[in-house]
Amino acid sequence: MNGHHQALALALFSAFVAVTLAITTWVSRKRHGSAEEFYAGGRLFSPMENGFALSGDYLSAASFLGVTGLIALFGYDGLLYVVGFLVAWLVVLFFVAELVRNCGRFTLADVVAARMRERPVRIAAGTSSVTVSVLYLVAQMVGAGSLVALLLGGTGEAARSWTVIGVGALMVVYVSFGGMRATTWIQIVKSVLMLGGTVVLTVLVLVRFHGNVDDLLRTATDRSGHGKAFLAPGLKYGGGWTARADFVSLGLALVLGTAGLPHILSRFFTVPTARAARRSVVWSVGLIGGFYLMTIVLGFGAAALVGPEALKKSDASGNTAVPLLALDLGGGADTTGGTVLFAVVAAVAFATILAVVAGITLASSASVAHDLYAALRRPGGRQRGEVGVARVAAVGIGVVAIALGLLARDLNVAFLVGLAFAVAASANLPVLMYTLFWRGFTTRGAVWAVYGGLVPAVLLVVLSPVVSGSPDSLFPGVDLQYFPLRNPGIVSIPLGFLAGWLGTVTSAEPPDEAKHAETEVRSLTGAGAV
Amino acid sequence: MQSRNGRSPVGGGAAEDLPEHPAPRDPVPPDGGQGPAAGYDDPWYDALAAGWAEADGAGLAARAVPAPRRERERGVAEVYLEVRSSAAFQEVRRRYRRFVIPGALVFLTWYVGYVVAATSAPGLMARPVAGAVNVAMLAGLGQFLSTFLLTWAYTRHARLRRDRAALDLRWSTQELTRSSGGGQR
C-alpha cells in the first residue's frame, strides 16, 4: 500500500478520534459523577438513539471485517454466522430487553441479586461478565492489529503492536472521562458512519454487476475455485463429525450468547422504560438485519472482484476483505477513487473497533466496580468511590486486553467473537433465565449456574485446538489439546443450565417466595423500576 | 384480603377491553405528581396520564385501599405476593407467555433445524432453485425474513395486548408499596 492510503486513512481516523474526544469532553463537562450518570448515561436516551447505539455496540470488527472475510473465503459457511448473529436478537427481544430493564439497575448481577443473597451472586455474575468482556475485547484488538498491518504493508510488527496499544489507551480515555453518555454518542456516530459506508460499498458492488445478483453469485463461485460448493454449506464446517459438531456448537453460542453479553445488557438501562427498551431493540433489529444483508453482498463481492488468492495473501483469515474490496471498487490501487474509498473504509473500521472497545470496557468496568468491588469491599464505602473504582478498572481491563490482543493476533476476528458468545451463553444466560422465570431458583442454584457454565466453557477453550496442538493455535508448540471442538457451546451451555438446576435442588435454603413475586411483578409491569 | 378483592375485577376488566382503548398518546391533562421516577419525555408518561384520567377505576381502587400498617419490608413483600396473585397480573403474565413461548419454540426450532440441515444435509441445501440461488440461500434469507416478522409481531402484541394492563398494574403496585412502607427506592 502506498503513502497516499496511509496519509488519508490516518487523517480520516484522526478526525474521528478528534470528534469523539470532543464529544467526551463536552459530555463530561456537565457530568456530576453519579453512578447513574456513569453507568447508564442518566437513562434519558431515546429508543432511536439507543437502537443506533445497540447496533453500534453489536456490529463490531467481527462483523465488518471478520464475517465478510469468511463469506469471501468460505462462501455460504460465512453466511451462517450472519444468520446466528441476527436471530439472536429475538431471544433478546422476547426474554431479556424489557424484563431486565424493569428489574435491574446497571448490570446483570443487579437482576439476580434482587432475588438472592447479594454477595455470592454478585461475585459470580461479576466474574463471568468480566471474562466475557475480556474475550470480546481481544477479538477487537486483533481486528485493529490486522487492519494496521494491511494499511502499513510490510512495515508490520512494531506498528501493529503500537496500534493495539493506542486503541487500548484511547478507549480508556473515553470510558474513564465520558462514562456511558460519551460512549453512547460515540456508538451512534460510529454506527451511522459504518452503515453509511456499507451502503455505499453495497451499491457500488451491485452497480458493478448491473444489479444482477445472480451474476454476482456466479462470478464469486467461478473465482472461488470451489465451484458450486461455494454457495452451499460445508466448505469450512463440512467433512468430519467434529467440524459439523463445531458448527452446531457455534450456532447455539451465537443465538444464545447475545442475550448474555454484558455490554448489550447494560444498554437497556440507558433508556427510561421497558417500552423504550423494546423499541430500541426493534430499531437495532432493523439496522443490524439491514447491515448483515449488505454484508452478504460485500462478502460475495470480495470473492468475485478481489479473489481468494489476493485476500489470503493480505490476511490469512480474511479479515481484510472489505478494505481490499473498497480499493477495487474505487478503481484499483493506483487511482484516486481507490485510495479514497480504501482510506474511508479503513477509517470506518478503526472507528468501529474503537467504539466497540469503549462499550465493552465500560460494561466490564461496571461489573468490576458495581459487582465485584461492591461485594468484596468493607461496608461503609460511598457511591462516589464506586465510580472512581470503575475508572481505575477501565485502565486495568485496557491493559489486560492489550496484552491478550498482542498474543492472539493471527486468529480470525469473527471466530474469536464466537468464543466470547459461547462463554456468555454458558455463564450468563442460564442464571438470567432461571432468575426471571423459575419460581424455585435459589442462591446456590444461581452461583452454580454461573460457575457451572463459566468454568467448563473457559476450560474447554483452553483444552481446544484454538490454544494448542494444531499449527494455527496460539501456542503451536505445546500440546494440551483434549477437546476436539473449537467452540465449547454445545457442551458448556447445557452444563450451565444443568448446574443451575442441580444447585437449586440440592440447596438447603428454600426459595424466597416473596422475592420471586417481586421479581416477577416488577419484570412484567415495571413497578418500582429505576 | 380487602385490597385483592377491590382490585382484581377492576384490573381484569381494564385488561379485557384493552384493545378498544385509544392510543396512549391522547392529549389528556397530566395528573400532577403521579409520575415518580419517569422523566417528562418518557413515552410512558403520556400513557400514565391517560390511564389515570380515564377513570376506569384501576388506579383509584388501588389508592382507596387502606395502607397496611406493618413493618416496612414485610409490607412490601406482601404487596408483591398479593399483586402476583391478582387476576389482572395473571392476565398480563398469561398474555406474555402465550406469545413468547410458542414464538420462541417456532424460531428456535426453525433456526436449529436450519443449522442442523446445513451441517448434515449439504446435498439438500445445495439443490439449485433458480440460477445460482439454491435452497441454502433461500433458507438463509428465510431466517432474516422470519426474524423481521417475529419482531414486528412481538411488538404489536405487546403494544396492543399488554402495555396498558401492565402500566395500570405498575402504578397501582407502586401506590401500594408506597403506602405500605415508604415505597421503593
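The values are calculated or read from the model by the stated rules, or taken from the named source; none is laboratory data. Note that the structure is a prediction, hence the values are computed from the model and not measured. Quick reminder, even Gly has a Cβ in these numbers, built from the backbone with ideal geometry, and neighbours come from all protein chains shown.
Observations on the model:
- Of all the listed residues (A:A277, A:A259, A:A243, A:A232), the sole one being within 18 Å of the chain's Cα centre (by Cα) and under 26 Å from A:A422 (Cβ atoms) is A:A259.
- A:F106 falls short on exactly one of the conditions (1) away from every other protein chain (no Cβ under 13 Å); (2) assigned to a helix (DSSP H, G or I); (3) under 29 Å from A:V431 (Cβ atoms), and that condition is (2).
- Hits in region A:483-530 (condition: aliphatic (A, V, I, L, M) and assigned to a helix (DSSP H, G or I)): A:I490, A:V491, A:I493, A:L495, A:L498, A:A499, A:L502, A:V505, A:A514, A:A517, A:V521, A:L524
- Looking only at residues of region A:75-105 that are among the aromatic types (F, W, Y) and at pLDDT 90 or above, we find that the one that is surrounded by the fewest Cβ atoms within 10 Å (Cβ to Cβ) is A:F95.
- Residue satisfying all of: in region B:106-132; more than 40 Å from the chain's Cα centre (by Cα) and at the interface with chain A (Cβ under 7 Å from one of its Cβ atoms); surrounded by the fewest Cβ atoms within 10 Å (Cβ to Cβ) among these: B:G131
- Hey, A:T184 more than 27 Å from the chain's Cα centre (by Cα), buried (at least 18 other Cβ atoms within 10 Å of the Cβ), modelled with pLDDT of 85 or more and in a helix (DSSP H, G or I) or not: no
- Scan of region A:87-98 for residues that are among the aliphatic types (A, V, I, L, M) and at the interface with chain B (Cβ under 7 Å from one of its Cβ atoms), ordered by number: A:V87, A:L90, A:L93
- Selection count where residues are under 23 Å from the mean Cα position of the chain (by Cα) and surrounded by fewer than 24 Cβ atoms within 10 Å (Cβ to Cβ), scope region A:107-128: 3
- Subset of region B:73-89 that is among the hydrophobic types (A, V, I, L, M, F, W, C) and in contact (Cβ under 8 Å) with a residue 40 or more places away in the chain - its residue that is farthest from the other protein chains (Cβ to nearest Cβ): B:A87
- Flag if A:V255 is assigned to a helix (DSSP H, G or I), in contact with a helix residue (DSSP H, G or I) (Cβ under 6 Å, 6 or more places away or on another chain) and over 17 Å from A:F16 (Cα atoms): yes
- Of all the criteria given as (1) farther than 16 Å from A:K190 by Cα; (2) buried (at least 24 other Cβ atoms within 10 Å of the Cβ); (3) of a type in the set (D, E, K, R), the one not satisfied by A:E37 is (2).
- Within region A:16-35, the residues that satisfy the criterion of being touching a residue at least 24 places away in the same chain (Cβ under 8 Å) and part of a helix (DSSP H, G or I) are A:F16, A:V17, A:V19, A:T20, A:L21, A:I23, A:T24, A:T25, A:V27, A:S28, A:A35.
- Considering each residue of region A:199-213 in turn, at least one proves to be within 11 Å of another protein chain (Cβ to nearest Cβ) and part of a loop (DSSP other than H, G, I, E, B).
- Figure legend. Inter-residue proximity from region A:303-328: first residues under 21 Å from A:L216 (Cβ atoms), second residues in a helix (DSSP H, G or I) and of a type in the set (D, E), beta-carbon distance below 7 Å, spacing 6+ or different chains. Indicated pairs: A:L305/A:D328; A:V306/A:D328.
- Pick from region B:90-110, criterion free of Cβ contacts under 8 Å to residues at least 40 places away in the same chain and among the hydrophobic types (A, V, I, L, M, F, W, C), ranking: nearest to A:L524 (Cα to Cα): B:I101
- Selection from region A:54-74 of residues that are part of a helix (DSSP H, G or I) and either within 19 Å of A:A259 (Cβ to Cβ) or at pLDDT 95 or above (or both): A:L54, A:S55, A:G56, A:D57, A:Y58, A:A62, A:S63
- For first residues located in region B:133-153 and within 15 Å of A:G84 (Cβ to Cβ) and more than 7 Å from every other protein chain (Cβ to nearest Cβ), partners that are part of a strand (DSSP E or B) and among the acidic types (D, E) and lie 6+ apart or on another chain with Cβ distances below 8 Å do not occur.
- For region A:218-251, the set of residues classified as at the interface with another protein chain (Cβ under 8 Å from one of its Cβ atoms) and buried (at least 23 other Cβ atoms within 10 Å of the Cβ) consists of A:L231, A:A232, A:P233, A:G234, A:Y237, A:F247, A:G251, listed by residue number.
- Scanning region A:305-326 for residues that are under 19 Å from the mean Cα position of the chain (by Cα) and at pLDDT 85 or above yields one hit, A:V322.
- Selected residue (only one of A:G84, A:G75, A:G51, A:G41 is within 14 Å of chain B (Cβ to nearest Cβ), under 21 Å from the mean Cα position of the chain (by Cα) and more than 29 Å from A:V172 (Cα to Cα)): A:G84
- Residues in region A:224-252 that are small (G, A, S), modelled with pLDDT under 85 and in a helix (DSSP H, G or I): A:S224, A:G227, A:A229, A:A243.
- When region A:252-262 is filtered for residues that are away from chain B (no Cβ under 11 Å) and in contact with a Leu (Cβ under 7 Å, 6 or more places away or on another chain), the ones remaining, listed by number, are A:A259, A:G260, A:P262.
- Condition broken by B:V79, with the remaining ones in (1) β-branched (V, I, T); (2) under 19 Å from A:C103 (Cα atoms); (3) touching a Gly at 6+ places or on another chain (Cβ under 8 Å) satisfied: (3)
- Wholly enclosed helices (runs of 4 or more DSSP H) of region A:291-402 bearing at least 3 residues surrounded by fewer than 24 Cβ atoms within 10 Å (Cβ to Cβ): A:308-314, A:336-366
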